[in-house]
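Trainee: Once you've had a glance at the structure underneath, I'll fire off some questions.
The values are calculated or read from the model by the stated rules, or taken from the named source; none is laboratory data. Note that this is a predicted model, so its numbers are computed, not measured. Don't worry about glycine lacking a Cβ; one is built from the backbone with ideal geometry, like all the others, and counts go over all protein chains shown.
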Amino acid sequence: MKRVIAVVGCVLFGVPWAWAESGKAVIQATAEGSSVSGDAALTETPDGLKMTVRVSNVPPGKHGLHIHQFGNCADQGNAAGGHYNPHGVAHGFLPSDGFAGAHAGDFGNIEVGADGTGMLELTLPDLRLGGASNTVGGRAIVLHEKEDDFGQPTGNAGGRIGCGVITITGS
Ligand code: CU
Ligand code: ZN
């Protein structure tokens, strides 16, 4: 009954997305002595999962950014496993290739400037924080040493210099 009232309330008062989940990840260096850092903010919106990633203390240039299968950044990020690939497809660029032509965490590259900082903002239709499919909550976001050139099988992006586990923070 409370939920019914809340729905009616949202319709009456025009709240567009009453139960949007949000989440975050704190990106940390995987190597001792590295000061790579960053964070990701994720929000479910009617248009998809909105994701804003910021990194600092990263060598200038393009760096591959993906969601990897497991929420574990141990062993220089290798414990995160491979790219999150729920549909068993080839590596690509999710915003343009979609789920038929890209892994669910194929976000391409984050461009880092001369000051060592970079920002990437994407809204990804059908990607979710929680739920049964295309779910990124509890997995790891991985920042790579090199550029993702979209080659197979994982974009030739080299080592994993930053990693953070995506946690769901609530509505
Ligand atoms: Cu990766
Ligand atoms: Zn991939």
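Trainee: If Tyr84 satisfies all but one of (1) hydroxyl-bearing (Ser, Thr, Tyr); (2) within 13 Å of ligand 2 (Cβ to nearest atom); (3) surrounded by fewer than 16 Cβ atoms within 10 Å (Cβ to Cβ), what's the number of the condition it fails?
Mentor: It is condition (3) that Tyr84 fails.
Trainee: Shifting gears a bit: Give the range 131-166 a look and list any residue that's at negative phi, out of contact with any strand residue (DSSP E or B) (no Cβ under 6 Å at 6 or more places or on another chain) and either away from ligand 2 (no atom under 13 Å from the Cβ) or modelled with pLDDT under 95 (or both), or say none.
Mentor: If the condition is that a residue be at negative phi, out of contact with any strand residue (DSSP E or B) (no Cβ under 6 Å at 6 or more places or on another chain) and either away from ligand 2 (no atom under 13 Å from the Cβ) or modelled with pLDDT under 95 (or both), then Ala132, Ser133, Lys146, Gly159 are the ones that fit.
Trainee: Could you tell me whether any residue of the range 145-154 is within 16 Å of ligand 1 (Cβ to nearest atom) and closer than 19 Å to Pro46 by Cβ?
Mentor: No, there is no match, as no residue in the range 145-154 is within 16 Å of ligand 1 (Cβ to nearest atom) and closer than 19 Å to Pro46 by Cβ.
Trainee: What's the number of the only condition in (1) modelled with pLDDT of 95 or more; (2) away from ligand 2 (no atom under 14 Å from the Cβ); (3) closer than 16 Å to Asp39 by Cβ that Asn72 fails to meet?
Mentor: (3)
Trainee: Sticking with this one: Can you work out which of the residues in the range 33-81 that are part of a strand (DSSP E or B) and β-branched (Val, Ile, Thr) is nearest to Asp115 (Cα to Cα)?
Mentor: Val55
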